[in-house]
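Below is one structure, written out as structure tokens; the observations come after it.
The values are calculated or read from the model by the stated rules, or taken from the named source; none is laboratory data. Values in this document were obtained by computation on a predicted structure and should not be read as measured data. Virtual Cβ from ideal backbone geometry, glycine too; neighbours counted across all protein chains shown.
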Amino acid sequence: MITLAALPPQVALPDGRKLPFANLDYAATAPVARVALDAVEDLLPWYGSVHRGAGALSQKTSLAYERSRQTIGDFLGTRPDDEVVFTRNTTDAMNLLAHALPPGTLTVTFLGEHHAGLLPWPSVHRLPIPASPASAVASLADALRAIRARDGAARPLLVAVTAASNVTGEVWPIAELVEQAHRFGARVAVDAAQLAPHRPVDLSSWDADYVAVSGHKLYAPFGCGVLAGRADWLDQAPPYLAGGGATSGVADDAATVTWTDGPARHEAGTPNVFGAVALGAVCAALTSCDRVGWQDHEARLSTRLERRLARIPGVAVLRSFPSGSDRVGIVSFAVSGHDSGDLATWLSVEHGIGVREGLFCAHPFSRHLLSEAGRRTGLPMPATALRASVGAGTTTDDVDRLVEAVAKAA
């Protein structure tokens, strides 16, 4: 398991006690890893422009930037001909891909997606929220079959799907979805923002076409993400941003522009080199650590949290797939009769516990889950939910503090 750059801060409670802050909000932003901080500090003396100078600072910085690209590509399981394009985050990466789609492309996605996978597409067919992994695969196959029968074989198709839900943590059957998509000549873009911090991501073994991740979910700082995948659509599309670095030639009257190929085509302007280097360092550390042991540790924590919350009267744990389905360390829940925003504030102020409250940038999905929870329990549900998520610094005490506090409130 990786080491965090700082211990949780001490927070003062109203009764005068001081406790370590219980951070159960890793799914929003993970704390920065020590290796990320070390990588940035090591580069600081050599900090210079990327691909814009012959001096030692620029050369050193450019090399660090490109080595990070290679490391991140290896971490994501890219193929030799794939491109790794730096973006700001997963949302930016999915919007870049939407920008690069060939004309007439239809994107097929599910209403259970994060808004990053739900909203960017110029032409989209949205499928209902599936009740199981198998129903997701069947629903996709039926939809693609109908689309091909209607539109013919020539229309470009893209399937955009999450690898792990940011609301429930449920893991989606990516390999099976890719297999069905490819049967009908569709490409697949995987939002791996929530899977990558917990499980290996392997574009090659999935046989997927694109994958997107965010550094700030992966124990790196804000401001750096990645879109990795097949080069042809990216190289044929207009640059995502027009400007320096994206061109190989501009005529004297600027009317004729030759755009470069490769990742630079979509990375105009001076890039976030510290973000890239920090993310590369974390990816290298995650590749070499005991991810199986880490996965087991997180599974114990999230299972403990889910089971104990579910025993509290009035608490409904949100889920789309059957109970016991594979999930990463995310548990969302609601407490009947309690406003989730008020409860989140109370947990922070009175108990030093940080959780997320809201609809989690997945409004249709979260509202559906709350409605289903009300139907399942027969209890009135609040308009929003609470989400607890675990990671490298989470302890059993953090989990138990949350459960005890929720039990008091309920």
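Give the number of residues within the range 56-84 that are in contact with a Ser or Thr (Cβ under 9 Å, 6 or more places away or on another chain), surrounded by fewer than 16 Cβ atoms within 10 Å (Cβ to Cβ) and not in a helix (DSSP H, G or I).
Qualifying residue count for the region: 1.
Looking for whichever is among the hydroxyl-bearing types (Ser, Thr, Tyr) and closer than 20 Å to residue 79 by Cα here; the options are 210, 219. Which one fits? Show your work before the answer.
Values: 219 fails: closer than 20 Å to residue 79 by Cα.
Exactly one of 210, 219 is among the hydroxyl-bearing types (Ser, Thr, Tyr) and closer than 20 Å to residue 79 by Cα, namely 210.
Enumerate the strands (runs of 3 or more DSSP E) found wholly within the range 208-267, keeping only those where 2 or more residues are more than 14 Å from residue 92 (Cα to Cα) and hydrophobic (A, V, I, L, M, F, W, C). Spell out the reasoning first.
On the way: elements: 210-214, 225-229, 247-250, 257-259.
In the range 208-267, 257-259 are the strands (runs of 3 or more DSSP E) which contain 2 or more residues that are more than 14 Å from residue 92 (Cα to Cα) and hydrophobic (A, V, I, L, M, F, W, C).
Taking residue 302 as meeting all but one of (1) over 22 Å from residue 130 (Cβ atoms); (2) part of a helix (DSSP H, G or I), write down the number of the exception.
Of the numbered conditions (1) over 22 Å from residue 130 (Cβ atoms); (2) part of a helix (DSSP H, G or I), the odd one out for residue 302 is (1).
Which residue out of 218, 241, 195 is closer than 20 Å to residue 65 by Cα, in the same structural domain as residue 78 (by the TED database) and buried (at least 23 other Cβ atoms within 10 Å of the Cβ)? Please lay out each step first, then the result.
Values: 241 fails: buried (at least 23 other Cβ atoms within 10 Å of the Cβ); 195 fails: closer than 20 Å to residue 65 by Cα.
It is 218.
Look through 379, 369 and report the one residue that is of a type in the set (A, V, I, L, M) and surrounded by fewer than 21 Cβ atoms within 10 Å (Cβ to Cβ).
On the way: 369 fails: surrounded by fewer than 21 Cβ atoms within 10 Å (Cβ to Cβ).
It is 379.
Taking into account only those residues within the range 334-363 that are assigned to a strand (DSSP E or B) and without any contact (Cβ under 8 Å) to a residue 60 or more places away in the chain, which is surrounded by the fewest Cβ atoms within 10 Å (Cβ to Cβ)?
358
Looking at the range 35-55, which of the residues that are modelled with pLDDT of 95 or more and surrounded by 17 or more Cβ atoms within 10 Å (Cβ to Cβ) is farthest from residue 115 (Cα to Cα)?
Restricting to residues being modelled with pLDDT of 95 or more and surrounded by 17 or more Cβ atoms within 10 Å (Cβ to Cβ), the top hit is 43.
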